[in-house]
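Engineer: Structure provided below as structure tokens; questions to follow.
The values are calculated or read from the model by the stated rules, or taken from the named source; none is laboratory data. Model, not experiment: these values are computed from the prediction. Ideal geometry is used to build each Cβ from the backbone, glycine not excepted, and the neighbour counts take in all protein chains shown. With ligands, DNA and RNA removed, areas are computed over all heavy atoms of the protein, side chains included. Shrake-Rupley method; radii C 1.70, N 1.55, O 1.52, S 1.80 Å.
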Amino acid sequence: MSLELRGITKSFGALVANDGIDLVVGDGEIHAILGENGAGKSTLMNIVYGLLDPDSGSILVDGKETIINGPGDALAAGIGMVHQHFMLIPVFSVAENIVLGHEKTKRFGILDLDAAKEEIRRVSKEFNFDVDPDAIVEDLPVGIQQRVEIIRALIYDAKVLILDEPTAVLTPQETDELLKNMKNLRDKGTSIVFITHKLREVKEAADKITVIRRGKVVGTASPSASQEELASLMVGRPISLEVDKGPANPGAVILSVKNLNIHDATGRRLVRDVSFDVRAGEIVVVAGVQGNGQTELAESIVGLQEFVDGTITLDGLDISSSSVRDVLQSGIAFVPESRELNGLIGSFSIAENLILDVHDLPPYAKGPVLSPAIVAREAELRVKEFDVRLQSIQDPASSLSGGNKQKVVLARELSRPVKLVVASQPTRGLDVGSVDFVHERIIAERDSGRAVLLFSTELDEVIALADRIAVMYRGEIIAIVPPDTSCEQLGLLMAGIHPDIKKSA
Amino acid sequence: MAHRGSAVVQKVALPALAFLLALLSGGILIALSDPLVLPLIGSPWKFVKAAFRSAGKAYLALFQGSFFDTNLMTHGSFISGFYPFSETLVIAAPLILAGLSVALAFRAGLFNIGAQGQFIFGAIGASYIGFKFELPPVLHVLFAILGAILLSAIWGGLVGLLKARTGAHEVIVTIMLNYVAAYFLLWLLKTELFLRPGRLDPLAPPINQSAHLPHLLGKDLRVNAGLLIALGAAFFLWWLLNRSTWGFRFRAVGANAAAARTAGISVPFVTTAVMAIAGGLAGLGGAVQTLGTQYALTTDAAGSFGFDAITVALLGRANPIGTVFAAILFGGLRAGGSTMQANTQTPIDIVLVIQALIVLFISAPALVKYIFRLRDIKTGSSVVSKGWNG
Amino acid sequence: MSEREREVGSLSAPERRRRRGIATMFFLGLGALLAFVIIPKQNETVTFGFVMDKEWVAFHEWSVSSKTGSLGFAIVALLAALLAYLQFRARKTIRLASALFSFTFFMSFLCWAASGKFIPFTGLLQGGLLLSIPLIFGAMAGIISERSGVINIAIEGQLLAGAFASGVLASLTHRNWLGLIIAPLAGVLVSLLLATFAIRFAVDQVILGFVLNVLVIGITGFLYQRLLIPYQSTWNSGSTLNPIRIPILWKIPLLGPILFNQSIIVYLMYALVALITVGLFRSKWGLRMRAVGEHPTAAESVGINVNKVRFRNVLLAGAIAGLGGAYFTIGAVGTFGKQMTAGQGFIALAALIFGRWSPLGAVAAALIFGFANNLQSVLSITGTPIPSEFMLMVPYIATIIAVSGFVGRVRAPAADGVPYKRGESH
């Protein structure tokens, strides 16, 4: 089955997310749509799948114009989608999730799940998916949850399968498996639209590549094109994949973590017996696939986790049981994983956001009295120094773009006198320009003698920035390796496979 | 942002239109339920005329009972025509305080439905100190007020503490505590401690003269120092929210608790502190009502102040100054409603209907805009509560 | 997220909750034992009366000395707690043991509190059931609305609207069955406002529910003063529905006359609870309702119209609560009284939270609340050492204890109270 898009346009307020996009996905091909974060790929696919209405443009399935007013229409037209944020109900079983929307019933509207379970077992077997139809979704690992979504699309006879950033949550090995399955599906006649910003995967799996930049199609390429070519097409200017960085000059131990264990409220252990040091003037990157305990580890250092045992010392001072406020005051800058959720208060002004964790200290406050004039004056200085693009410092932070939001967070955290910078996924979802800015800034912090602890899931970023790499898997740091470790080895470590590497810490 | 009319118009337009719509709807209800109007439905002209007369008479009485009445003027000067407005302000004073309680909680992301219970405890505290002790005038008032604030702050703070410690949703806890407070009051008034000597009905001893709040404009007008206390509290709250580090923290937690926590602000402390202050404000309302108007604790000590407070805070957009105006408006509806009921046999319950409709229209700006075909109205709202899991 | 491991020997959340529950049982049981020994009380007899009607086998009455009774039952209660503990250790369900504990603890209390008195036991149960009827209707309405993602604080208003409409129409037409039809419609009307403002205009649902209650109280109060009082003979002189005896069943000893000699409203309630219990977890309707209440975007992504499902279920909830409202007028007293629901809607809300948004849990909570309320009025007539005001506080304090996590963190449907707009959230 073929899918054709003609002149799809969609804007959100002043932002044009899709600008007259034309695209043809042929029968039985893997068509990669490549573009950096914010280029409009997900918007486009949500339109195709009926989750968003386009402002103009048309969708043709097998050459016939098809009106898609909702996911129901898309499914009926043979379009299936595996979403970046899984569309599964956590408290439902696999079978319940799969029948939802297409329920078969017995008498009196009672659900008939037996046929669905049989189907799930059949498809699961055919693709070697190993999915139990009775399992509750929230108990399943993400890799399996993704398979549930694929099974669902297959059971509903999807002829075109859209995969939206499917590898973001997978280990390199799981990614390879997925790419193999995609080819397998293609060979059986399913067309696949593969959305990604990862060049390696595109080259490996795609039959055709369409590149999108700022909501427009800027070109097509064949998988034989080099990574540099694809990257410059994607970003719009030639870029180097390298980051300028001199050798590290490590000094005294600033952060020392010993035998750290973290549990959640129900008693499950999220981080297991973790120990490591970070020295002044070096960048230690904690690498690993999302969800292996990095978030909790990062939060525990600033005191945001509740059930922690073990010791954390900052420059000799034990901060294991200090409050968040005391930890921040004692000299740690913290860039949380989510700018919107934890880094900023969207409805507060930019100026107020710049003093979130120092609002009660001089010069901003005298005793309990705030000084708005000084807050504003300092804010003007900060936004200039960090090149935040804005109209007014009194505008709400939510009006800023992702990159500028992150700059506000950095401006706040790095302007305090700190010894250690803890940054959790600081470039996630940013455009290339902002990523460069953040990387340069982090290296500058290192070069000024601060210790840096960075958490990243992106292999490229890990290799570009790290002076030492700590690989985390299922709550454990399974190895600490030098930055010249090969990608393959890192990949194996991230999947928990421990070849004979000596710990270099 | 091309047309940005004056800021005041922007802020006032929506509430004013909502008020208008609510009055209109109330008028229709009054007219349609009038036994003299309905039989005329056969002849449209007579029917419309009678309907207008019916609603018009009721609303005229409402105005006369809440603001100015020429009939009262004839007895004395022009000023005495404002006797009804004094009554409006008498009701408004405790309403402002209870409204501020709800407004403060809203700003910190908490929905305080418990102003009623907190008001009751304020009244209990003020009453006890008011009748039990013999103290010099000003000191006695201060002491009684302090006792009221303390008691109600503990009652309110309990909610914050429960939320901070266990995550118990404040909406549920405060709803339940209102009933507990009401039953507690019923029981208390039957105890030796609070039974007026020589009486068997639940009525506490009268407050000593020294603890009465003084009248502001002479003996005849009941408006008393409680109004000044309320206005002072509104100013204090404005300062607290906008110019102090405490208020900064309160607002930060209200706007995004996760980000506030990440920035080192203690969410449990803020939750507890806000609910304690909110309790104190509502309790101060109870004290003003007891020491300034009632002069004795009864089973109906809180009337419906604590519930009206919620509509007041919503109409005032959880803003201290807005809350003052909203409370005066609703105080007027209450005061005028009694006159309306007495003069035109229009039940005072219509006031509840108007109140509810105002808030309903305010909270759905899209609807008001649609009805009036408007575009340029500012509709931002700081009033947001969260679902049960929030 | 990778697989998270569980510590060996650690307990899951429900297990910990159960353990805490058992600890509470021991604590209460011991407390009862001590309190009833220490607090001096004449050793008078308590008499329980059982006969109501012409059951097949009729117990007449049973007398026991206050001290023996309270101590005896307290000891059995402690044994029940022990049984619960053993069952828990053996990883078996503790439901039966908990029920036994509740019953014996309550009997122990009753023997102590009603010393020297006559307690009409069946009447106590019957009255409790009657008081819990509107609570059950209200809680069912809450469950349906909240399971589909719309917080329903307006239960009070829906009950009151149903009570008013059914009372007035039955009085005007002298036909009670018309009251049964109009009551759900009145509830739907309130729900229509709730659904429109919550779903179409995305108004905060807690505020909305609160305001709708005020609106309904205002309108019914206004019309009551304006029409029902001055023209009482036409507008407010209804009668009550006649009880219907279910053949055979009503003769079951003890329970028969309580459960099976009731008005049609009560039978409708039984059917409703059964339907909702089965439907919520095993029907297409229930699956979709829970889906839009847990993860609306996911429901939308498989072609379900989220807001339509929500809208319909909120209307259905209104109909159920409205029908429950009819109980106040044509079910119980015949005439309408101002604010006659008196906060029952909020207790229904409490019951549904106490019952963790599950139909049977909510029914159990509603029965407990209704029963506590009735016990209070019975004891306040016969005289009791505990002031009736404190007895009246029981449902409210119980709810606070419940939401405070004493019996485990209560979890609402994930998207409860969150408006859904297409293409806005993930």
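Engineer: Between A and B, buried accessible area summed over both sides at probe 1.4 Å, in Å² to the nearest 100?
Structural biologist: Counting protein atoms only, the buried area is about 1800 Å².
Engineer: Sort B:187, C:250 by accessible area with a 1.4 Å probe, largest first.
Structural biologist: The ordering from most to least exposed comes out as B:187, C:250.
Engineer: Cβ neighbours within 10 Å, averaged per peptide: list B:116-127, C:113-124 in order, most packed at the top.
Structural biologist: Averaged packing, sorted descending, gives the order B:116-127, C:113-124.
Engineer: Further, regarding this structure: Please give the average number of partner chain Cβ atoms lying within 10 Å of the Cβ of each residue in B:349-358, rounded to a whole number.
Structural biologist: Mean shielding by partner chains, rounded to a whole number: 6.
Engineer: Counting only residues 5 or more places away or on other chains, whose amide H sits under 5 Å from the amide H of residue A:82 once H atoms are built in the peptide plane?
Structural biologist: Correct list: A:162, A:163, A:164.
Engineer: Now, a different point. To the nearest 10 degrees, how steeply does helix A:402-414 sit against the main Cα axis of chain A, on a 0 to 90 scale?
Structural biologist: Once rounded, one gets 20 degrees.
Engineer: What average count of beta carbons from other chains do you get within 10 Å of the Cβ of residues in A:266-273?
Structural biologist: Across A:266-273, the average partner-chain Cβ count within 10 Å equals 4.
Engineer: Here's something else I'd like to know. Show me the helices of chain B, taken as full DSSP H stretches, that run 20 Å or more along their long axis by Cα and average 1.6 or above in Kyte-Doolittle hydropathy.
Structural biologist: Helix filter hits for chain B: B:7-32, B:137-166, B:170-188, B:349-363.
Engineer: Shifting gears a bit: Considering only A:485, A:253, A:383, whose Cα is most displaced toward the positive end of the charge dipole of region A:253-494, charges sitting on Cβ of Lys, Arg (+1) and Asp, Glu (-1)?
Structural biologist: A:383
Engineer: Between chains A and C, what is the buried accessible area in Å², counting both sides, with a 1.4 Å probe and ligands, DNA and RNA left out, to the nearest 100?
Structural biologist: Between A and C, the summed buried area is about 3400 Å².
Engineer: Another question, then. Counting only protein heavy atoms and using a 1.4 Å probe, what share of the accessible area of chain B belongs to carbon plus sulfur, as a whole percent?
Structural biologist: Within chain B, the accessible surface is 69 percent carbon and sulfur.
Engineer: Region B:180-212: which residues show an accessible-area loss of 50 Å² or more, assembly versus chain alone, 1.4 Å probe?
Structural biologist: Correct list: B:180, B:183, B:187.
Engineer: Then there's this: Binning at 10 Å from 0, report for region A:3-235 what percent of all alpha-carbon pair distances ends up in each bin.
Structural biologist: All Cα pairs, binned at 10 Å, distribute as 8, 32, 36, 19, 5, 1, 0 percent.
Engineer: Report, by chain and number, residues whose modeled amide H sits under 5 Å from the one on residue B:34, excluding near sequence neighbours (fewer than 5 apart, same chain).
Structural biologist: Result for residue B:34 returns nothing.
Engineer: Can you work out the base-10 log of I(q)/I(0) for region A:253-494 at q = 0.08, 0.09, 0.14, 0.15 1/Å, using the Debye formula on its C-alpha atoms alone?
Structural biologist: Debye intensities relative to I(0), on a log10 scale: -0.30, -0.38, -0.91, -1.04.
Engineer: Which residues of region C:222-245 end up with at least 10 Å² less accessible area in the presence of all protein chains than when their chain stands alone, using a 1.4 Å probe?
Structural biologist: C:222, C:223, C:225, C:226, C:227, C:231
Engineer: Would you mind checking the tilt of helix A:172-187 against the longest principal axis of the Cα atoms of chain A, expressed as 0 to 90 degrees and rounded to 10?
Structural biologist: The helix A:172-187 is inclined about 20 degrees to chain A.
Engineer: Got a sec to turn the phi values of region C:213-221 into Karplus ³J(HN,Hα) couplings, 6.51 cos²θ - 1.76 cosθ + 1.60 with θ = phi - 60°, whole Hz, x for Gly and Pro?
Structural biologist: 4, 4, 4, 5, 4, x, 5, 5, x
Engineer: Please compute the per residue accessible area over chain C with all protein chains in place, 1.4 Å probe, rounded to a whole number of Å².
Structural biologist: Dividing the accessible area of chain C by its residue count gives 41 Å².
Engineer: Now a separate question. Please compute the average number of Cβ atoms from other chains found within 10 Å of each residue's Cβ in peptide A:193-199.
Structural biologist: Mean shielding by partner chains, rounded to a whole number: 0.
Engineer: What are the residues whose amide H is under 5 Å from the amide H of residue A:335, where those residues sit 5 or more places off or on another chain and H is modelled from the backbone?
Structural biologist: It is A:422, A:423, A:424, by chain and number.
Engineer: Please quote Rg/Rh for the protein assembly as shown to two decimal places, taking the Kirkwood radius as Rh and restricting both calculations to Cα atoms.
Structural biologist: 0.98
Engineer: A follow-up question, please. Could you give each residue of region A:155-167 its phi-based ³J(HN,Hα) in whole Hz, using Karplus coefficients 6.51, -1.76, 1.60 with θ = phi - 60°, and x for Gly or Pro?
Structural biologist: 5, 8, 6, 5, 9, 10, 10, 9, 10, 9, 6, x, 9
Engineer: To continue, here is another question. In Å and on Cα atoms, what radius of gyration and Dmax does chain A show?
Structural biologist: Just the Cα atoms of chain A yield Rg and Dmax of 24.5, 74 Å.
Engineer: Label-point separation (nm) for residue C:252 and residue A:224, each offset 7 Å from Cα along Cα-to-Cβ?
Structural biologist: Going from the residue C:252 label point to the residue A:224 one covers 8.1 nm.
Engineer: Given a 1.4 Å probe and the protein chains all in place, what does the accessible area of residue A:156 round to, in Å² to the nearest 10?
Structural biologist: 50
Engineer: If you don't mind, there's one more thing I want to ask. When you count, for each residue, the other Cβ atoms within 10 Å and take the mean per peptide, how do B:245-251, C:181-187 rank with the highest first?
Structural biologist: C:181-187, B:245-251
Engineer: Accessible area per residue for chain A in Å², computed with a 1.4 Å probe and the full protein assembly in place, what is it?
Structural biologist: 40
Engineer: With a 1.4 Å probe, what is the total accessible area buried between chains C and B, in Å² rounded to the nearest 100?
Structural biologist: 4300
Engineer: Would you kindly state how much longer the chain becomes between residue A:338 and residue A:484 on full extension, computed as 0.36 nm times their sequence separation minus their alpha carbon distance, in nm to one decimal?
Structural biologist: Here the answer is 49.6 nm.
Engineer: If I compute solvent accessible area with a 1.4 Å probe over the protein chains, what percent of it on region A:393-435 is carbon and sulfur?
Structural biologist: Of all accessible area on region A:393-435, carbon and sulfur atoms account for 53 percent.
Engineer: Hey, another quick one. Counting only protein heavy atoms, what percent of the accessible surface of chain C is carbon or sulfur at a 1.4 Å probe?
Structural biologist: 67
Engineer: In nm, give the distance between the simple-model label positions of residue A:369 and residue A:273, each being 7 Å from the Cα along the Cα-to-Cβ direction.
Structural biologist: 5.7
Engineer: Then there's this: Short version: ³J(HN,Hα) in whole Hz for each residue of region A:447-462, in order, from phi by Karplus 6.51 cos²θ - 1.76 cosθ + 1.60 (θ = phi - 60°), x for Gly and Pro, what are they?
Structural biologist: Couplings: 5, 7, x, 7, 8, 10, 10, 10, 10, 8, 9, 8, 4, 4, 5, 4 Hz.
Engineer: Additional query: When only alpha-carbon atoms count, how far does chain C stretch along each of its three principal axes, as whole angstroms with the largest first?
Structural biologist: Computed over chain C, the largest-to-smallest principal extents equal 71, 65, 40 Å.
Engineer: Which FRET efficiency value, to the nearest 0.05, is calculated for residue A:389 and residue A:249 with the Förster distance at 30 angstrom and r the Cβ-Cβ distance?
Structural biologist: About 0.35, to the nearest 0.05.
Engineer: Need the full-extension length gain, residue A:24 to residue A:180, defined as separation in residues times 0.36 nm minus the C-alpha distance. One decimal, nm.
Structural biologist: 53.8 nm
Engineer: Using a ≥ b ≥ c from the Cα gyration tensor of region B:40-161 (square roots of the eigenvalues), is it rounded, prolate or oblate, where a/c under 1.5 gives rounded and otherwise the larger of a/b and b/c decides, a/b for prolate?
Structural biologist: Oblate is the answer for region B:40-161, as a/c is 1.5 or above yet b/c matches or exceeds a/b.
Engineer: While we're on this one: Just order B:42-52, B:208-218, C:160-170 by mean Cβ neighbour count inside 10 Å, highest at the front, would you?
Structural biologist: C:160-170, B:208-218, B:42-52
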